[in-house]
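Everything on this sheet refers to the single structure shown next.
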Amino acid sequence: MNSKTKITLLMLFFMIAGNAQSINSSIKKHLDLLEEKDFSGTILIAQNDSILEERAYGYSSIEYNILNNIDTKFNIASITKLFTAVATLQLYEQGELELDKPIGSYLPDYPNKLVRDSVTVHQLLTHTSGLNNFYVSSLDNINPLTYNKISDFLPLFENDPLLSKPGATYNYSASGYVLLGLIIEKISGVSYYDYIRKNILNRAQMPNTSEIEVDAIRENKASGYTTMFGENEILKKNDYYLTKASPAGFYYSTVKDLFSFSKALRNFKLLKKKTTEMMFAPKVKGYNTFLGYGIDVDTRYNQTIIGITGGWYGIHCEMLDFMDDHYTVIILSNIDDGGDKGASIVADYFKNVLSDKPLAD
């Protein structure tokens, strides 16, 4: 390497480093100015797997005046689906299941014959099975305290007609992920909760992540408050809209635990490199982004963002990995929003500043 090339590389290095410092300074300034009235929850930002910022805002219990802290446990809603997807792919790696086989190969007694004989594991993972989202379609029939086993969720959807022909189109489906949970139980011989604990939470070092009963008392657990997605100014508790965690949603976690999960997944601690790359590869077009296996692949910006959103009444969470610049952003909130405040605005800020890269003034 000649001296001219060395000088060019050094200049490029300092330009990149200076740009990163400017972006990181902008992030710190933004977080310093963020107020509790604008956001309730926790935020973690990391680059190259090193934490840059950890912040907590607002209240875990408004009625008891208890503040959120960086270790507060939040309901993460559909981020739970990532655990289910990874668990399914672990069994695939072990040769225990095939992605293109119908689910009847693993659940021969599933009562809906059409689903049993025609829906594949691949379709369940990519929300192309035609199965519905029972949390929405059966909301009025859900009893928050009824569901102790994964099979307890089946009566909410097992006899429902398909929304579309299997494989034909994308329909976001909690029901499909419950079936994945049953397949995990059938193949592994243990409960879904035990499998996830041993093979994902323990391996990724996530001690503060678990399934929690709706009425359980847990230290440092945030209550959820709903605005009915921005329609109401008066907050209401969200307990009525929750169940114990299923393979489709409602585990509780912290920003640090989810950061540990992100690192373990991206660094091939949970799946082999080839399987991880297969998981992250875009397969179908969703509502706004492409879908890999259980994960969003957002190509709308000037770098790919791998991640997932967890949203429900009283919940808005985001897990975002910016693949070119190696930033990780995790946002957990116990208040939902209509897209123009709260966690939505926080997530939009990071997508713009990290993917469009405006420099600080």
Exactly one of (1) small (Gly, Ala, Ser); (2) at negative phi; (3) over 18 Å from the mean Cα position of the chain (by Cα) is unmet by residue 189. Its number? (2)
Residue check, residue 274 of a type in the set (Lys, Arg) and touching a residue at least 24 places away in the same chain (Cβ under 8 Å): no
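Taking residue 146, is it out of contact with any His (no Cβ under 6 Å at 6 or more places or on another chain), exposed (fewer than 15 other Cβ atoms within 10 Å of the Cβ) and under 22 Å from residue 313 (Cα atoms)?
Numbers: out of contact with any His (no Cβ under 6 Å at 6 or more places or on another chain): yes; exposed (fewer than 15 other Cβ atoms within 10 Å of the Cβ): yes; under 22 Å from residue 313 (Cα atoms): yes.
It is true that residue 146 is out of contact with any His (no Cβ under 6 Å at 6 or more places or on another chain), exposed (fewer than 15 other Cβ atoms within 10 Å of the Cβ) and under 22 Å from residue 313 (Cα atoms).
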Restricting segment 304-327 to residues that are of a type outside the set (Gly, Ala, Ser) and more than 18 Å from residue 294 (Cα to Cα), which is surrounded by the most Cβ atoms within 10 Å (Cβ to Cβ)? 315
Of the numbered conditions (1) open to solvent by less than 20 Å² (accessible area, probe 1.4 Å); (2) in a loop (DSSP other than H, G, I, E, B), residue 269 fails exactly one; give the number of that condition. (1)
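Conditions tested, residue by residue: (1) open to solvent by less than 70 Å² (accessible area, probe 1.4 Å); (2) within 27 Å of residue 46 (Cβ to Cβ); (3) not in a helix (DSSP H, G or I).
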site: 167; (1), (2), (3): yes, no, yes
site: 176; (1), (2), (3): yes, no, no
site: 187; (1), (2), (3): yes, no, no
site: 193; (1), (2), (3): yes, no, no
site: 207; (1), (2), (3): no, yes, yes
site: 213; (1), (2), (3): yes, no, yes
site: 218; (1), (2), (3): no, yes, yes
site: 263; (1), (2), (3): yes, yes, no
What are the residues in segment 34-51 that are surrounded by 15 or more Cβ atoms within 10 Å (Cβ to Cβ) and closer than 18 Å to residue 261 by Cβ, if any? 41, 42, 43, 44, 45, 46, 47
Those residues of segment 106-135 which are exposed (fewer than 15 other Cβ atoms within 10 Å of the Cβ) and either closer than 17 Å to residue 188 by Cβ or in contact (Cβ under 8 Å) with a residue 24 or more places away in the chain (or both), in sequence order: 108, 111, 114
Output the residues belonging to segment 88-105 that are closer than 17 Å to residue 189 by Cα, assigned to a loop (DSSP other than H, G, I, E, B) and not aliphatic (A, V, I, L, M). 94, 95, 96
Give segment 21-33 a look and list any residue that's open to solvent by less than 40 Å² (accessible area, probe 1.4 Å) and either under 23 Å from residue 222 (Cβ atoms) or out of contact with any strand residue (DSSP E or B) (no Cβ under 9 Å at 6 or more places or on another chain) (or both), or say none. 22, 26, 31
Please pick out the residue among 146, 128 that is modelled with pLDDT under 95 and either in a strand (DSSP E or B) or more than 29 Å from residue 42 (Cα to Cα) (or both). 146
Restricting attention to segment 343-359, does a residue exist that is under 24 Å from residue 84 (Cα atoms) and of a type in the set (D, E, K, R)? no
All-but-one check, residue 240 against (1) part of a loop (DSSP other than H, G, I, E, B); (2) under 30 Å from residue 39 (Cβ atoms); (3) in contact (Cβ under 8 Å) with a residue 24 or more places away in the chain, failing number (1)
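The values are calculated or read from the model by the stated rules, or taken from the named source; none is laboratory data. In this text, all values refer to a predicted model and were calculated from it rather than measured experimentally. Cβ atoms come from the backbone with ideal geometry, glycine included; neighbour counts cover every protein chain shown. Accessible surface areas use protein heavy atoms only, side chains included; no ligands, DNA or RNA. Shrake-Rupley method; radii C 1.70, N 1.55, O 1.52, S 1.80 Å.
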